[in-house]
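For reference, the structure discussed in these notes is given below.
Read-outs throughout are calculated quantities, based only on the coordinates presented, and are distinct from any laboratory measurement. Keep in mind that what you see is a predicted model, and the values were worked out from it rather than measured. Cβ atoms come from the backbone with ideal geometry, glycine included; neighbour counts cover every protein chain shown.
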Amino acid sequence: MRDARLLRAAPFLRLRPPMLSGILSAATGNAPVLALALFGYAFISNVALAVVPHEPAIVWAGARLGIWTTAVVATAGTVLASWVDHRVFVPLVTRLQARRGAPPLGGWFSRAPFAVLAISGVTPLPFFPFKALAFAARYPLGKYLAAIAVGRLPRYLLLAWLGYAVRLPAWLLVLVFVLLLIPLIPTLRTLLWPRPDVK
């Protein structure tokens, strides 16, 4: 009796069974294909200097895959992206530090790097500066990936729950996606069309 009341009050606590393929629209295909697409998108939207937002995709998938499936799949894609980042950028940052001399890392990151990475993964703050701190400090790969998972899973659970509970229309998610891209336009312009050096 108590469990039934709890699940009615907080439906996100219930493990949602896989959705029938008939419920998914023809555009989304079946649940395994959608989960694989979400995994790939989570990877792309979190690797290196990610220029695409992940929030609308996770909200959209939450309504179709369920809260836990969406959050776990998106977290797995993010952890893989973080593994690639660590493998690529730590050696690069190490070489740059050797050439220029390593600046001392102070502040909160040097005192509690795991907590800083995990908390910054939950917040909507841009994550790349925190990644850069971890790479500059040569933070161990295992701890780095664990901090990413600990930080991103609650964020993705909340976003997936929003998609599951509210059922936002697709046009609104596309609009949010476009609005989240607007602040990235200067970065994209710089990456795609660098200015020639003026002498």
In which sequence would 139, 41 go, from the one with the fewest C-beta neighbours within 10 Å to the one with the most? 41, 139
Label zone at residue 122, where the point sits 7 Å out along the Cα-to-Cβ direction: region 143-165 residues whose backbone N lies under 18 Å: 144-162
Fully extended contour minus Cα-Cα distance, from residue 52 to residue 83, at 0.36 nm per residue: 9.3 nm
Suppose we keep just the alpha-carbon trace of region 108-155; what are its Rg and Dmax in angstrom? 9.5, 26
So, with points 7 Å from each Cα along the Cβ direction, the residue 99-residue 165 label distance in nm works out to 4.9 nm
If 68, 60, 83 are placed from fewest to most neighbouring beta carbons inside 10 Å, the sequence is 83, 68, 60
Extension length gain for residue 112 and residue 33 (0.36 nm per residue less Cα distance), in nm, is 24.6 nm
